[in-house]
Amino acid sequence: MKIQTGIVLSLACAMSLYAEPVDMGTIDVEAKVDTEIVKDVHGEDIKSADLAEALFKQSPSVSLVRRSGIANDVIVRGQKKDNINVTIDGVKVYGACPNRMDPPVSHVLTNNVDYIEINEGPYNVEDFGVLSADVKIHTIQPKDEFEGDINLGFGSWGYKKAALSASGAITENVKFLISASAETSEQYEDGDGNNFVDQIQREIDAGKAIPTVQYQDQYKDMDAYTKKTVMAKLFWNITDNQELRLSYTGNRSDDILYPSSKMDALYDDSDLFNVEYIAKDLGKYSKELNIQLYQSEVEHPMSTKYRLMGAVDYMTHTLTTKMQGAKIKNSFDVDNHTITAGIDYSLRNWNGWYTKNEILLPMDYSYSIDDVDTENIAFFLKDTITMDKLVLDLGLRYDDTTITPANNRMKMVQPENEYNELNGYIFATYNMDKDTKLFVGAGKSSRVPDAKELYWIGAPKQVTLPDGSMKMVAPAIGTPDLDATINYEADIGFEKKFENATVKAKAFYSQLDNFIAYNASKAENKYENVDATIYGFELSGTYIATAELYFDYGMSYQRGEKDTPLTGQTGTDMPEIPPFKFNAAANYDWDETLNFRAELIASDTWSNYDYENGEQEIDAYGILNLKGAKRWGNIELTVGVDNVFDTTYAVSNTYYDLILLPTGSNDVVMLMNEPGRYFYTNLKYTF
């Protein structure tokens, strides 16, 4: 099946339904009991455009994977990359880089984000590959009346940002939104005053990295990144109950430095196109019909050009990915049931190749990910049953997935893989009274291996044979016969509201069958399936002390273990399972125009880690952030300082699933420190 089939089916379904005029209504962003809502990202997170950092600060269940000054990644409940699903206004987004230099959350900036839903667990059957968590990013929407804002931001280490947004009605039935931004920053310094170059040199001096990973002299003073973005939307109310939404988001980043890797991104470009048709109250069996077509494209070349190893001959690894999707879903009410049924289709192409001094390598060694198509078609069904105080949510999804490499390499034929899986869940919420909710859920979800895990071929290199002759070798890192990962999970918790406080607690247990793990002990086919478990708890809440002073807090803990060690290894600790994390903040509203916030983020020692696959112990830390904002009519000034005590600390571990700096004799990978004390200010004018 091709994407055109999904388009034709979508349009045919839309044209066949009769529409009656009804008010479209408004969007309800109130969190369900199993969902965390991170609100007003556009207004609150103005320090930088990095969404991963904003989520790390606001949510205790989110951990940061630091790679650079921007374009960082997230871990949710000890799960990362394809084990969590990320959508932007319903658009499924993937990065092109197998080294996670451009993760999905990096393709939208904080100044364009309205709010974010974080759904933990296997309780989403509408989207492809929701294994352990679901991050739904909702961007800002066009307004009924003309309005907009201009933001100018400045910070330590030469940070500069300018952003503009405008929105309003063109006609009675047509609304628009346009948003644009540009920002740049020098290399940040950690608490010891070391910038990117200094952190690399520290590793070289300690014998933890080879000297050729250092930047060449002419590149040592490069900025950390330059980034530009634009977003445009057009909403047309065709009738009172029908709406057509068109949107485009473009990102252009240049010269992004990744000091803990041996390559930097020459540029990172992405384009997201989205078309959505919504119709409400079409008849007895169509309370709401939603048809969506989208396409996301990313191009990402990473290179050794700026490093000493690339002074004479530099290697570039260029990757592209295109995701095309179509979804049709229809919901209707029958008695106490709200039923949603739909079809979800996607086709992802992922292609990668190597060049030396911008000349393509010979065909046998040129492809890293060989023009791989991942095609999925799924059918899903949901039912929400309301029974007085009890609400039952049920879901089913059947996936049919085919993964096909192009096999352009002359001396290597890689197999096609097919996966079929039936997933589902049941989630019960019991409203004891208007202030108390109990919930329990159980479900099964799955995700297929990606093209990197199946087919990735490493960069070719010359090796010396015993007879003294030279041979070109390109290691097969991917494992073509991997099984899909299956998650069997149970969640339980409660939510309680008091007169001046709220508290929410939940615990989970996840059994992962055929978890896809990286095995550094193997020379080739380094990915393998292993059964594992992850369990943990989360606690969050708020407390209103006075009319002016209120507090919010959150904490999370998870632990993960493999059932058996990987081939040739002895350890069973799961990788990328962050330690106990605690977030707390005090907020003081002096009056309606002046407010302050003091924020604490702390973590325990990272003492359980996958040492045989590159991870290491990381010290505990605690940092304090301060922020204040003052408004004068249409003008708002924000000033803040992060990491007030200039602490030197790290949050990201060094799992070999990422290609990090070549190591020295002691086989320790560079641990990248977080920014030190950071001052920032933002001036906003609203019109």
Vicinal HN-Hα couplings computed from phi for the stretch 294-307 (Karplus, 6.51 cos²θ - 1.76 cosθ + 1.60; Hz; Gly/Pro x): 8, 8, 10, 10, 9, 10, 8, x, 10, 8, 8, 4, 8, 9
Distant alpha-carbon pairs in the chain (separation over 42 angstrom), percent: 25 percent
Under 21 Å from the Cα of Lys327 - lysines, other chains or at least 8 residues apart: Lys2, Lys92, Lys136, Lys233, Lys280, Lys287, Lys382
Cleavage-rule hits (GluC sites (Glu not before Pro)) in the stretch 166-211: DSSP loop, at most 14 neighbouring Cβ within 10 angstrom: Glu172
Qualifying GluC sites (Glu not before Pro) for the stretch 411-447 [loop in DSSP, other Cβ within 10 Å: at most 16]: Glu416
Neighbourhood net charge (9 Å Cβ-Cβ; Lys/Arg +1, Asp/Glu -1) for Tyr557: 0
Environment charge of Asp82, counting only residues whose C-beta is closer than 9 Å and scoring Lys/Arg +1, Asp/Glu -1: +1
The stretch 240-278-the stretch 609-650 distance, computed between alpha-carbon centres (Å): 26 Å
Centroid-to-centroid separation of the stretch 537-558 and the stretch 117-144 [C-alpha atoms, Å]: 24 Å
Rg in Å to one decimal, and Dmax rounded to a whole Å, for the stretch 23-182 via C-alpha atoms: 16.4, 50
Fewest-first sequence of Trp632, Trp157 by Cβ atoms within 10 Å of each Cβ: Trp632, Trp157
Among Tyr655, Gly342, Gln218 - extreme Cα towards positive end, dipole of the chain, charges at beta-carbon: Gln218
Residue order, fewest to most surrounding Cβ atoms within 10 angstrom, among Met670, Met101, Met387, Met412: Met387, Met412, Met670, Met101
Which of Ile659, Ile457 has the fewest Cβ neighbours within 10 Å, and the rest in rising order: Ile659, Ile457
Longest site-free stretch - the chain; sites: trypsin sites (Lys or Arg not before Pro), DSSP loop, at most 14 other Cβ within 10 Å: 435-687
Where GluC sites (Glu not before Pro) fall in DSSP loop in the stretch 511-551, at most 15 other Cβ within 10 Å: Glu524, Glu548
Derived scalar couplings ³J(HN,Hα) [the stretch 71-84; Karplus, 6.51 cos²θ - 1.76 cosθ + 1.60; whole Hz; x for Gly, Pro]: 6, 8, 10, 10, 10, 10, 6, x, 10, 9, 6, 6, 6, 10
Given Lys262/Lys444; Lys81/Lys522; Lys32/Lys526, the pairs whose alpha carbons are separated by over 31 Å: Lys262/Lys444; Lys32/Lys526
Partners for Lys305 among aspartates and glutamates (Cα-Cα distance below 16 Å; same-chain residues under 8 apart left out): Asp217, Asp221, Asp223, Asp254, Asp255, Asp264, Asp268, Asp313, Glu358
Neighbourhood charge, 13 Å Cβ-Cβ cut-off, centred on Val135 and excluding it, Lys, Arg +1 and Asp, Glu -1: -3
Too-long pairs where the Cα-Cα distance tops 20 Å, listed order kept, from Lys143/Lys684; Lys57/Lys143; Lys284/Lys389; Lys39/Lys227; Lys39/Lys143; Lys504/Lys562: Lys57/Lys143; Lys284/Lys389; Lys39/Lys227; Lys504/Lys562
Selected from Asn500, Phe515, Ile426, residue furthest toward positive end of dipole (the stretch 413-515; charges at beta carbon): Asn500
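Bear in mind these aren't lab numbers, they're just calculated from the coordinates by the rules spelled out. For clarity, every value in this text was computed on a predicted model and none was experimentally measured. Note that each Cβ is placed from the backbone with ideal geometry, even for glycine, and that neighbours are counted across all protein chains shown.
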